[in-house]
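Everything below concerns the one structure shown next.
Computed from the coordinates by the stated procedures, all read-outs in this text should not be read as laboratory data. This one's a predicted model, so the numbers in the text were calculated from it and none came from an experiment. Note that each Cβ is placed from the backbone with ideal geometry, even for glycine, and that neighbours are counted across all protein chains shown.
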Amino acid sequence: MREQIAHCYPLSAYFCAKVASEVPVAVLLPAIFGSIVYPALRLQRSWKKFFSFMLILVLNALAATSLGLAVSAASPSIQVA
């Protein structure tokens, strides 16, 4: 907040840096989870279906992260969030 008031950097730079720092974690953790769970549940053994499963997991994680960022940005205080 102080940096925005002082015009140290534009909001777009903050957003790009925030997204760039969170995307690797949002992709890596679901990928690890999916590679353990898929064979453990004995789902269909097909690379196409495995990658579809992984894509759904990663997109779900990215959507959840985006929703969390949107709620935190829209909340005026921690108590309201």
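Around Tyr38, under 10 Å between beta carbons, what's the net of Lys plus Arg minus Asp minus Glu among the other residues?
Details: positive: Arg42, Arg45, Lys49; negative: none.
Once positives and negatives cancel, what remains is +3.
In nm, what is the difference between 0.36 nm times the number of residues separating Thr65 and Ile36 and their Cα-Cα distance? Write down the numbers at each step before the final one.
Values: separation 29, 0.36 × 29 = 10.44 nm, distance 2.17 nm.
Stretched out fully, the Thr65 to Ile36 stretch lengthens by 8.3 nm.
Rg and Dmax in Å for region 22-81, alpha carbons only: what are they?
Rg then Dmax for region 22-81, in Å: 15.2, 48.
How many nm is it between the label spots at Ala6 and Leu28, if each spot is 7 Å from the Cα in line with the beta carbon?
Taking the two extended label points, one gets 3.0 nm.
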